[in-house]
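Comments concern the structure below.
Read-outs throughout are calculated quantities, based only on the coordinates presented, and are distinct from any laboratory measurement. Every value quoted in this text rests on a predicted model; they were computed, and no experiment measured them. Glycine gets a Cβ as well: all are built from the backbone with ideal geometry, and neighbour counts include every protein chain shown.
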């Protein structure tokens, strides 16, 4: 277990002050938060005045907050080609300007940790993806610890916890500690713990003070420690069933297993699992324009789509569902682990909840364990 | 000559289904049988029984909401004969594939089970444990627990089968109504535009609605093409408008109104609002009474000399 | 322009540039380059060699590639494709890219004319480990357009002629008209000391007096010795498959055989998650692999 | 599919011309059947009939070739109006193409309205090779209608 970083600051935030605090945050940044939308909870940009729509009750938004650092469609550059009177041609490329800073408010610890897994890909190696970097640099993450993990949660299977701080600048812990119940069943206040300088700045700002973000009352320090520890020690329903995921090296020898054929038969080759997943990052690049000018952008792509690997000359290395299904799970549980030393999954459980045909990672992990090598 | 097996309850139906699948797999009538088994979380998931023993894992209960017919397209290659179980709407999906000439009837053995209604798995899962068990054992379930499509179903009995398990259920014709379309039609164009814009914006374009749809069964989907690029790869309301128009129009006249597109949508877009408009218009413009039931020639694949004229129509 | 390009994510309506990272030279933003000459390589015109220069002299100066590396070539409005660099770094600018017409981007390149603007970024990927080959005999086996990445390497090795032993070039194509780089194979290379060029075609014509045989068979007939040698092979998958068998028959070990792979790529820098074979990305860990390295990867290619 | 590629390209080029402003002129994309309406438009031209210049013509083999998605695409890329014109019912060069088109476009017209697109922006006509005057009238009428409606910001602006 990774050691727990020393908090930079701790505060008490009254529930009634959340709206004002977020309003103050919106002034300088784009705030993205879970919002209730016709029965579904969705992560999206908060319009001014929507502070009270924030849904801190539903554990999983349908979509993950990854759009804040890798938007589903992100312009990379604009191009404009022109021809002068003599037929001389010119081409002008403009990289897109950096985005507005974003505050992710109310993400769950699993989603906050997922951001860190993106860093491995986009910020390491010989190439730093600066489009990603500018978004990442401008990102502040305010996570909220889970009072009661959902049925499909299994973050604990990856050494994460409902109260974990990985990837978060601030974590909000309901003062009354973990437990069942409606959003109002809490104590009416959160302990806000800043783990980074960015988080500290957020808590120490004058706007925060104006919104009622106050020091933790003297004598409550021990309670705070106990509450945070309780969140960190919380088990997740599916995580408890699954135990710690440990299949990376076993999968080394299972590439040719007939199991993949069997598990893939059910897949309908839609991209739901990859698009709702907070850790799936594969993208494509395309141009869109007319009359010699346009935009080059990248967009989420999915290894589940048959065209993902289709080459210009018509060769497709993964024409079958078996190969594509295997790719997704091998990528998360084996390839990525080889490259970066950890799994490409945070156990948020969205694939469990969203897959139209009930084909998801915990199931595959369980079944892979039972396979003969 | 179709076989008929007598059963009285859901539990008996499940037993008869297993027995029938076992028989088919044992005597070699089929080499695989498409049905459902209990998934990791208790919900039925698609299952492909390949041995007589595996037939024992088949389940039949009010949660088998998923149409299996589309999986036949995965088995086009080869000569093997495939068994499949269908209820009423499942058989419409199957008939859709058959009428579109996308799978040969000769390679199919169909086991049909009359349907007394399907429950919405999502809603059932959310019930308290005891209540859930009671409902799953065949207890009374509130109307709101049923799948939306059961509300307009007029085909509870399989329309295609080789073996029928149980007696046909009373088959009362349901007048097809489209209340939500009527509601939307009553809005101003601007209100409707805003309404649909909100719908497009929510879409994450995962293609689940397309991929689950039994009427979306082309060999190659035009939406996947780059040349011509029917739908840009960027996301946003504009391209999503194109996507949802193409999807809905391409199944117009062939949609079986199973509502699977809407059920599998992870962001909860009420897609039947788009499909139902076509069903309603086709019904009204061309006098088709049950536009969702597969016909030999679909309404938009034919014409009549006396069709209303368009010129100058506003 | 389409307002929809931001998608569900933070809107960029009031962009604030921060961190100074919005400057030119961003990773996925190419340099502007100009096609200065286009040459047909084959009789049918399905392979053309493009000579290109970058518009900014500083960018040309900053560029340095080694044999085996690739460039990401853009035709704006159409897209980007990873193309192997055909000209040896020892020959400097302009860069040469030999491209077969197969899809949208290559088609657009084939339709373009001298003077047209394209985008160029790179160089990407690993390279042929030429420093490991010092003092060794080199056997190049190529088929069709597969000579393109190898041509860069051959020129590079011949420019450092003293470092290597005998150089043997075995090249074949479907027909005499499909042989690429005619100047190199008929004139330039065979004039170098201790260098042999052996050509074959699948099917000859009235002008062809040379052998007609498939490359693997032809190779076995020539019977080059594996002793102190490295075999570098590149060509269509079916040719590679049989050439590897022939090389094995001749006694080449997996460590002595080097080839280059290609897969669909979108970023070229190991981010887009596409061109992987197992945990290796062809764009950054490849495209050059020895046969023994390839055999360690899952068989998905 | 070369035909539809050209169609899309043309639709895009047309769209990029459409810019609202003080001297705004609507852009109307017209899909004309090769055998009747295209010839009709031609005869309107050679007959020197006065007609507004808002219509961009895309020639198709038959009105039955007009996939409804062409029309939505034109709107999506910024057209202010779309026109489909083919042979009179009964006179199709391929005998029945325009009957199929009639059904499809009828459904489409109702659907466009449902989606919140002003149905007056989309018209279907039957116009034969000899009806140059009718073509000129159609063009004038739809140009006036669409001009009065103003720019179709809705779809292109999405």
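What fraction of the DSSP beta bridges in the range A:76-167 is antiparallel, stated in percent and rounded to the nearest 5?
Roughly 60 percent of the beta bridges in the range A:76-167 run antiparallel, per DSSP.
Using only alpha carbon pairs under 8 Å that are at least six residues apart, calculate the relative contact order of chain B and give it in whole percent.
That works out to 16 percent.
Could you let me know the centre-to-centre spacing of the range C:229-301 and the range A:4-80, using Cα atoms, in angstrom?
45
I need the shape label for the range A:1-69. Rule: rounded when a/c is under 1.5, else prolate if a/b > b/c, else oblate, with a, b, c from the alpha carbon gyration tensor.
oblate
Using only the alpha-carbon atoms, what does the range D:26-148 span along each of its principal axes? Please give whole angstrom values in decreasing order.
38, 33, 18
Could you tell me how many degrees, from 0 to 90 and to the nearest 10, lie between the Cα long axis of helix C:237-250 and the main elongation axis, the longest principal axis, of the Cα atoms of chain C?
The answer is roughly 40 degrees.
Report, largest value first, the span of the C-alpha coordinates of the range B:18-171 along each principal axis, in whole Å.
46, 33, 27
For the range B:1-155, what proportion of DSSP beta bridges, expressed in % and rounded to the nearest 5, is antiparallel? Intermediate values should be presented prior to the final figure.
Values: 7 of 15 bridges.
In the range B:1-155, DSSP labels about 45 percent of beta bridges as antiparallel.
What is the order of B:145, A:25, C:147, fewest Cβ neighbours within 10 Å to most?
On the way: B:145 19, A:25 23, C:147 28.
Placing the least packed residue first, the sequence is B:145, A:25, C:147.
Could you give me D for the range B:179-300, from Stokes-Einstein at 10 °C and 1.306 mPa s, where the hydrodynamic radius is the Kirkwood radius over C-alpha pairs? Units µm² s⁻¹, please.
105
For the pair residue B:131/residue B:222, report the inter-label distance in nm, with labels modelled 7 Å from Cα in the Cβ direction.
Spacing of the two 7 Å Cα→Cβ label points: 4.6 nm.
Once the convex hull of the alpha carbons of the range C:26-124 is built, what does its volume come to per residue, in cubic angstrom?
Spelled out: Cα convex hull of the range C:26-124, divided by residues, is 94 Å³.
Write down the radius of gyration of the range A:89-158 and its Dmax, each obtained from C-alpha positions, in Å.
16.8, 62
Please report, to two decimal places, log10 I(q)/I(0) for the range A:15-107 at q = 0.18, 0.19 Å⁻¹ as given by the Debye formula with identical point scatterers on the Cα atoms and no solvent.
-0.83, -0.90
Once you average over the residues of D:64-71, how many Cβ atoms of partner chains fall within 10 Å of each Cβ?
Whole-number average of other-chain Cβ neighbours for D:64-71 is 3.
Mind pulling up the Rg/Rh value for the protein assembly as shown? Radius of gyration and Kirkwood radius, both on Cα.
With Rh from the inverse mean 1/r over Cα pairs, Rg/Rh is 0.98.
Once the Cα atoms of helix B:237-250 and of chain B are each reduced to a long axis, what angle between those two axes, in degrees from 0 to 90 to the nearest 10, is obtained?
60
In percent, what relative contact order does chain A have, based on Cα pairs under 8 Å that are 6 or more apart in sequence?
Across chain A, relative contact order equals 21 percent.
Would you calculate the convex hull of the Cα atoms in chain B and tell me its volume per residue in Å³? If you can, show how the numbers build up before the last one.
Working: hull volume 52.7 nm³, N = 314.
Expressed per residue, the convex hull around the Cα atoms of chain B is 168 Å³.
For a footprinting-style exposure proxy, rank C:184, D:92 by other Cβ within 10 Å, fewest first.
Details: C:184 18, D:92 22.
Ranked by crowding around the Cβ, least crowded first: C:184, D:92.
What average number of partner chain Cβ atoms lie no more than 10 Å from the Cβ of the residues making up A:352-360?
Working: counts 2, 4, 7, 4, 12, 9, 10, 4, 3.
The per-residue average across the peptide is 6.
Using the number of other C-beta atoms within 10 angstrom as an exposure proxy, rank A:61, A:26 with the fewest first.
Ascending number of Cβ neighbours within 10 Å: A:26, A:61.
I need the shape label for the range C:175-256. Rule: rounded when a/c is under 1.5, else prolate if a/b > b/c, else oblate, with a, b, c from the alpha carbon gyration tensor.
Oblate shape, in that a/c is at least 1.5 and b/c is the bigger or equal ratio.
How long is chain A along each principal axis, judged by its Cα atoms, biggest number first, in Å?
If we take the Cα atoms of chain A, the spans are 73, 67, 41 Å.
Would you mind giving the mean number of other chain beta-carbons within 10 Å of the Cβ of each residue in C:75-81, as a whole number?
That average works out to 6.
Pairs of alpha-carbon atoms within less than 8 angstrom and 6+ residues apart define the contacts here; what relative contact order does the range B:202-314 have, in percent? All intermediate terms of the calculation are to be shown ahead of the outcome.
Working: 97 pairs, mean separation 29.5, N = 113.
Relative contact order comes out at 26 percent.
How far is helix C:147-159 tilted, in degrees, relative to the longest principal axis of the Cα atoms in chain C, given as a value from 0 to 90 rounded to the nearest 10?
For helix C:147-159, the angle is close to 70 degrees.
First check a/c for the range A:223-373, with a ≥ b ≥ c the square roots of the eigenvalues of its C-alpha gyration tensor; if it is under 1.5, answer rounded, and if not, answer prolate when a/b is larger than b/c or oblate otherwise. If you can, show how the numbers build up before the last one.
Values: a/c = 2.27, a/b = 1.37, b/c = 1.66.
Verdict is oblate for the range A:223-373.
Within the protein assembly as shown, what percent of beta bridges assigned by DSSP are antiparallel, to the nearest 5?
Numbers: 81 of 144 bridges.
The antiparallel proportion sits near 55 percent.
Could you give the Stokes-Einstein D for chain C in µm² per second, using the C-alpha Kirkwood radius, 25 °C, 0.890 mPa s?
Translational D for this selection: 120 µm²/s.
Rounded to whole Å, give me the distance from the Cα center of the range A:254-311 to that of the range B:43-65.
That distance is 30 Å.
Anyone know which of C:37, C:255, C:111 comes out most mobile in the 10 Å Cα GNM of chain C?
Fluctuation is largest for C:111.
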